[in-house]
1. With θ set to phi - 60°, apply the Karplus curve 6.51 cos²θ - 1.76 cosθ + 1.60 along the range 15-31 and write out the HN-Hα couplings as whole Hz, x wherever there is a Gly or Pro.
2. Using helices alone, I'd like the mean residue ellipticity at 222 nm for the chain: each DSSP H run of four-plus residues gives -39500 (n - 2.57), total over residue count, nearest 500.
3. Going by C-beta contacts inside 10 Å, put H37, H108, H92 in order with the fewest on the left.
4. Report the charge-dipole magnitude of the range 27-110 in Debye, nearest 20, computed about the Cα centre from +1 at each Lys and Arg Cβ and -1 at each Asp and Glu Cβ.
5. Which of T271, T29, T106 moves most in a GNM of the chain, Cα contacts under 10 Å?
6. Please report the spacing between the Cα centers of the range 217-242 and the range 80-94 in Å, no decimals.
7. Only Cα pairs within less than 10 Å get springs; with that Gaussian network setup on the chain, which residue of A222, A110, A208 has the largest fluctuation?
8. In terms of modelled amide H atoms, which long-range or inter-chain residues lie less than 5 Å from the amide H of V51?
Amino acid sequence: MEAASTIAEVRERVGAWRREGKSVGLVPTMGYLHEGHQSLIERAAAECDRVVVSVFVNPTQFGPGEDLESYPRDFERDLAKCEAAGAALVFHPTPEEMYWPDRSTTIHMADISEELCGKSRPVHFDGVCLVVAKLFNIVTPDAAYFGEKDAQQLLVVRRMVRDLNFPLRIVGCPIVREADGLAKSSRNTYLSPDERLAATVLSRAIRAGQALAESGERDASAIRGAVRDVLVQEPLADVEYVEVVSQETVRPVQRIESPVLCAIAVRIGTTRLIDNFFYDPAA
Ligand SMILES: Nc1ncnc2c1ncn2[C@@H]1O[C@H](COP(=O)(O)OP(=O)(O)OP(=O)(O)O)[C@@H](O)[C@H]1O
Ligand SMILES: CC(C)(CO)[C@@H](O)C(=O)[O-]
Ligand code: BAL
């Protein structure tokens, strides 16, 4: 496995693979890797000849007052995890390598990036689109792998790829969880022992909603209610949203008649956590 910090090195390496006829998979990350990221890398390695993992804490997707500075970083550990999961190249640029100081181009995604997390993080998905579009242009992958844990991000990236005609496949990968159900996340490291225990309420709430949908309930407010009923039992949980939205429009639905996403965002202390399930009534 190799590491590169410049765009030129990545282009050279990928160009050589292309001349050998190899397919290329990309796994974009912000580092501090865990088994969730590793599952994406392993999936990419199973489906592509060469896998590039990007490790970049992207400043443009953080709003004022968010955790850009304190976001956990450990590049040496990340390298070992990438290698173990089957990556061929780790791209670890500086912000200066990724962004010209006088850059003038932005990507604004209307509508679907304004719901759910977009309400409390208004610049977030534009920043994600910008960096992901740049990574697609730098790496030119055949396929890119994203986790369903960041469900709205997955829908936003799919929409951008469709709207801007990026010639690649987007692969969504299932949520990897801790033994007690908590979705693995780099931000779990912010939790104190009490908060870590309290955080299990997210996956319990999601399981309650999912069980109700699977039992045939089609009233979205009943699903939201079942999820909230679990969340309110945890005194440390401060609920930001519980929503059932269309996978197509990301707008709230009243009845579940087409594929939906049930998504929650909850603060445990100062740490903002998310969880979700996808549900297709026809499946
Ligand atoms: N538990 C998980 N299961 C599956 N995929 C995951 C999981 N956690 C993160 N991913 C995916 O890994 C990719 C990189 O995510 P990122 O580096 O932001 O990690 P993270 O743990 O989600 O961090 P954060 O705490 O910022 O949410 C994204 O596509 C994300 O959806
Ligand atoms: C896709 C991504 C790597 C873009 O910075 C980030 O939003 C993440 O880690 O999910
Ligand atoms: N996993 C999404 C990156 C973020 O929350 O900024």
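Please treat every number below as a calculation from the coordinates, not as lab data. The shown structure was predicted, so the numbers you read here are calculated from the model rather than taken from an experiment. When we count neighbours, we look across all protein chains shown, and the Cβ atoms used for this are built from the backbone with ideal geometry, even at glycine.
1. x, 5, 4, 4, 5, 7, x, 7, 8, 10, x, 10, 10, x, 9, 9, x
2. -11500 deg cm²/dmol, from helical runs alone.
3. Sorted ascending by nearby Cβ count, the order is H108, H92, H37.
4. 160 debye
5. Among T271, T29, T106, the largest mean-square fluctuation in the Gaussian network model of the chain belongs to T106.
6. That distance is 38 Å.
7. A110
8. Here G25, A88, L89 satisfy the definition.
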